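Notes for the one structure printed next.
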Amino acid sequence: MRKTNRIFSVLIFIFLYIPMAVLILASFNTGKNIAIFEGFTFDQYKELFRDRDLLALLGNSLLIAILSTAIATAFGTFAAVGIHSLKPRMRKAVMTLTNIPMTNPDIVTGISLSLLFVFIGTGMLGQKQSLNFWTLLIAHITFNLPYVILNVMPKLQQMNPALQDAAMDLGCTPVKAFFKVTLHEIMPGMVAGAIMAFTMSLDDFVISYFVTGTEFVTLPVKIYSFTKKPIHPKIYAMFTLLFLLIFVLMVTMNLLQLRGDKRKQDRRIKMASRGMRVFRRAIAIICTVALICGSAFLIIRSRKDKITLNVMNWGQNIADGSDGTIDLIAAFEEAYPYIDVNYSEYASNEELYSKLSNGGLVVDLIIPSDYMIARMISEDMLLPLDFGNIPNYKNVMDTYKDQAYDPENQYSVPYTWGTVGIIYNAKYVDEADVTGWDLLWNEKYKGQILMFDNSRDAFGIAQYKLGYSVNTTDKEELQACADALSAQRPLVQQYVMDQVYAKMEEENAWIAPYYAGDAMMMMENNENLRFYLPENESFNLFIDAMCIPYCCQEKAAAELFIDFMCNPEISGANMDYICYGSPIEGATEYMDEYLAESEVIYPPAEILERGESYGFLPEDITRYVENLFLQVRLN
Amino acid sequence: MKKNKSILLSGPYILWMLVFTLIPLGVVGYYALTDPDTGAFTWGNIQDLMLFIPTLGTSVWYSLVSALICLLLGYPVAYFIAHRGPTAQKILYMLVMLPMCMSFLLRTLAWVGLLESNGIINQFLGLLGLGSANMIGTPGAVILGMVYNYLPYMILPLYAIIVKIDNRLIEAAEDLGCTPKQVFAKVVLPLSMPGILSGITMVFVPAVSTFYISQKLGGTDTTLLIGDVIERQFKSAGNPNLGAALSLVLMLLVFICTGIMNRFGSDEEGGVVV
């Protein structure tokens, strides 16, 4: 019995550590795939230390964790002393209040705080950006406080009240007695509470995800946005280093404590054991360092004389310097040294729309697709552009001007264009089946089909398949589309957006509808992948264009950015990375020949003619479609 | 004198907690009862909740199963740790806590790499000539993800209770002629009840509200748990009012569950004392 229990426990510990081992191993892998170990390398670590943005994110996480822990520990300790001397009934009420953030699911805490901040900041004070560093800090302090209080309270209750009286009899003032006696007695509780608060704060994702704005993001929140596309192995390297750091930290804590315990037994008379003293000193040092770093950081932030330009773009939708491309954001910052670009990403037009309409953000430049631009124009969410600041607009090809979504070319400048077709794996999919949208409904490939996880693209495919207009507002037709999607559902492996990369490249799925440019990128990584546009049916021809949203604060700088992107050389360099079509005259001359001549990106004119773009849908229809799609997903 | 003064210390804290925990819940209630377009009062969001009852049911079911599996896996481990020497206890305790401090997003991703159809486990099975198993996208994968992520939340409270059980009680039971099985069933298990209940709560609450595990490990039937639906309302569907209504339901559910657990807990304790 004993022996089986020992074996069982060892197995459980192995179970707990297997994923960690996988991640650590992946950090030494030459390949990008977590499941295939190709060779040993330290390159990921070099990459990690070269990536200043990633290190800055880690710095953000540490800053928030240290600051919120220090504040919550000090605040919570005093509060615990206060609560301790309350009358029992009142004390019980306050402890119930303390328990609320502990028992409430994180998602509810995050949402409630985010709604509060937006409600006060945007609703009552009229601030444009109500979610920022401070809201994040307040949220972290709020969920850290209970850990401190719940750890300090028992120590206060265990403490002999006579101790403090004795100190006061010996001539201490109450304050001095508190620092000399009480604090020493409750120190273990404070340390335990602070450690718990620190680890919770450092790894918190759910609450931070809801209360963070664009200007200050922590590492876990960024990792969430990373995991929508193939994750770079340097993240695993960072994980490994953090793992080592926390491991060493925990071991030292334990050793100190063990030594402290022994000393205490050896020399009972001595009040403060060395272990405790080391602890106290360590805590004091950590707090001071935190406060100094924190205030230095805040001073630097408030002193910044550069303009910050907040750009929000699709994931992987700008050349970032990887794989031999040019880092366009760095190039822009070099061309305009007084502008600092703060770049963030979204995974779908709908996500962008929600982010903007929920309020609480400052965004100066966005790159939505056609139909979303139409919607935003109709809801007064975009500002008219000043073309005096965009001389390069002359380079935009006429084909991409005067589009239905912005008939007078007032609000948008095209960034890329492309098509939606089907990407499939020729190793598994029979060429004879590759004809039209029907492939996505083919029973033969049950469980190997991926589908769009956004309502507009998913419904679009059903509409092309059924021969309806993609801009229909007829509820019966929409219902028929929903039925078609429901019928497809048993065949679908998963509804995805950027995850499609990992799934298709690693051959964990065989068929997926996706955007041509992204398909091209996947095809570069797996030679079995092919892309096609349906032979006889219609398909989506989309244009993503740069716009300035109503919450913009640096309009002139945003227009400079637009102008920069309309330069043929820049646009060509950008397309080398994102693999879409460039709307800029002469850009192909600066592009990789292989891309400039690819039929996936630049299909022949007679095929392009069958393409149809998304137009504007009234809001009630948009919500109707959104609801239908949710029903498809849920049932 | 002194007591009166220290009471004042609790003032700022009470104010802070009121402003940042109670009032936000009120704001959630306000959003839940207003129309997304006009901002006027409406029961519409509450009525729409009916659509999500099956999703809520699935979420509750998965989290209950996960909590029970965690209990079955966690109890022997907690028991094992509690019966080591003091140094070993400290080390093992730390080893249980360590995974909790590491990014749960990345650890879940590691499971994706393990369970994918071309993943590590299937490669391993292939090497052994056992063919491949279909794991990712099944309800089992989601439950596995929950069990893996929240197992430490079960082990730690269980350990804290088991380690406090007075060994003399066990010896007394043995002296009175109990078999080891009887000792466990009549003494150890009833005494560890508070730990079991708090462990179940601590696993159930985060599991029922998760919105990441199901997205990564689930298939079409399981990608949307109630947490995912709420996240969607806020982050992509643009309907925070419906999201707020759903959050209220989730919160209510959790408070009812913890209420029941606490009730059971105090009864059990009473029984032991008698």
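A few notes on this one:
- Across chain A, Cα pairs under 8 Å and at least six residues apart give a relative contact order of 15 percent.
- Cα shape, region B:14-273, gyration tensor, a/c 1.5 rule: oblate
- Square roots of 5 times each gyration tensor eigenvalue, C-alpha, region A:353-392, largest first, Å: 20, 13, 9
- Computed over the alpha-carbon pairs of the protein assembly as shown, the distance histogram in 20 Å steps reads 13, 44, 32, 10, 1 percent, short to long.
- Backbone HN-Hα couplings from phi across region A:515-529 [Karplus 6.51/-1.76/1.60, Hz, Gly and Pro as x]: 6, 3, x, 5, 4, 4, 5, 5, 5, 5, 8, 9, 6, 7, 7
- Zone of A:L163's modelled label, taken as backbone nitrogen in region A:58-97 under 17 Å from a point 7 Å along Cα→Cβ: A:77-78, A:80-82, A:84-85
- Cα-based shape type of region A:308-454, given that a ≥ b ≥ c are square roots of the gyration tensor eigenvalues and the cut on a/c is 1.5: prolate
- Cβ-Cβ FRET estimate between A:K427 and A:D402, R0 fixed at 25 Å, reported to 0.05: 0.05
- Amide H partners (placed H, <5 Å) of A:E379, local residues excluded: none
- A straight chain from A:Q257 to A:D483 at 0.36 nm per residue would run longer than the Cα-Cα distance by 75.0 nm.
- Taking chymotrypsin sites (Phe, Trp or Tyr not before Pro) across region A:524-562, the ones in a DSSP loop with at most 14 further Cβ atoms lying within 10 angstrom of their Cβ are A:Y550.
- The protein assembly as shown, dipole about Cα centre (Lys/Arg Cβ +1, Asp/Glu Cβ -1), debye to the nearest 20: 7740 debye
- Taking other residues whose beta carbon is less than 14 angstrom from the beta carbon of A:S61, and scoring Lys, Arg as +1 and Asp, Glu as -1, yields -2.
- Centroid-to-centroid, using Cα positions, region A:504-579 and region A:332-361 are 17 Å apart.
- Remark on A:D327: its backbone amide H falls under 5 Å from those of A:G321, a criterion applied only to residues 5 or more positions apart or on other chains, H modelled at 1.01 Å from N.
- With Cα atoms, 0 to 90° folded angle of helix A:234-266 axis to chain A main axis: 10 degrees
- Inter-chain shielding of A:76-89 (mean C-beta neighbours from other protein chains, 10 Å cut-off): 4
- A:H184 paired with B:N167, simple spin-label distance in nm, labels 7 Å along Cα-to-beta-carbon: 3.2 nm
- Summary value for chain B: 26 percent relative contact order, contacts being C-alpha pairs under 8 angstrom separated by 6+ residues.
- Summing charges over all other residues whose Cβ lies under 13 Å from the Cβ of B:P99, with Lys and Arg as +1 and Asp and Glu as -1, gives 0.
- Dividing the mean sequence gap of close Cα pairs (under 8 Å, 6+ apart) by how many residues region A:537-635 holds gives a relative contact order of 32 percent.
- Antiparallel bridges, percent of DSSP beta bridges restricted to the protein assembly as shown (to nearest 5): 55 percent
- Relative to the longest principal axis of the Cα atoms of chain A, helix A:52-84 runs at roughly 40 degrees.
- Only one residue of A:A509, A:S613, A:A80 has its Cα farthest out toward the positive end of the dipole of chain A, where Lys and Arg carry +1 and Asp and Glu -1 on Cβ, and that residue is A:A80.
- Other residues whose C-beta falls under 13 angstrom from the C-beta of A:N567 contribute a net charge of -3, scoring Lys and Arg +1 and Asp and Glu -1.
- Along chain B, longest interval not containing exposed trypsin sites (Lys or Arg not before Pro), exposed being DSSP loop plus at most 15 other Cβ atoms within 10 Å: B:165-274
- Across A:K87/B:K186; A:K465/A:K503; A:K355/A:K555; A:K446/B:K235, pairs whose alpha-carbon gap is larger than 28 Å: A:K87/B:K186; A:K446/B:K235
- 3J(HN,Hα) along region B:247-253: 4, 4, 4, 4, 5, 4, 4 Hz, from the Karplus curve 6.51 cos²θ - 1.76 cosθ + 1.60 with θ = phi - 60°, whole Hz, x for Gly and Pro.
- Relative to the longest principal axis of the Cα atoms of chain A, the long axis of helix A:455-466 lies at roughly 30 degrees.
- Given R0 = 25 Å, the distance between the Cβ atoms of A:E535 and A:Y594 translates into a calculated FRET efficiency of 0.50.
- Sequence-distant aspartates and glutamates (8 or more away, or on other chains) whose Cα lies within less than 15 Å of A:K155: A:E185
- Counts of other chain beta carbons within 10 angstrom of each beta carbon in peptide B:250-257 average 3.
- Per residue of chain B, the DSSP helices (runs of n ≥ 4 H) give a summed -39500 (n - 2.57) that works out to -23500 deg cm²/dmol at 222 nm.
- For chain A, the residue among A:N349, A:G31, A:A192 whose Cα projects farthest onto the positive side of the dipole built from Cβ charges is A:A192.
- Helical contribution to [θ] at 222 nm, DSSP H n ≥ 4, -39,500 (n - 2.57), averaged over chain A, rounded to 500: -17500 deg cm²/dmol
- Global geometry of region A:55-257, whether rounded, prolate or oblate, following the gyration tensor of its Cα atoms and the 1.5 cut on a/c: oblate
- Dimensions of region A:84-134 from C-alpha coordinates, computed as largest minus smallest value along each principal axis and given longest first, are 44, 23, 18 Å.
Rule-based calculations on the coordinates, nothing more; no lab input. From a predicted model like this one, the values you see are computed outputs, not experimental measurements. Heads up, the Cβs are rebuilt from the backbone with ideal geometry, glycines too, and the neighbour counts pull from every protein chain shown.
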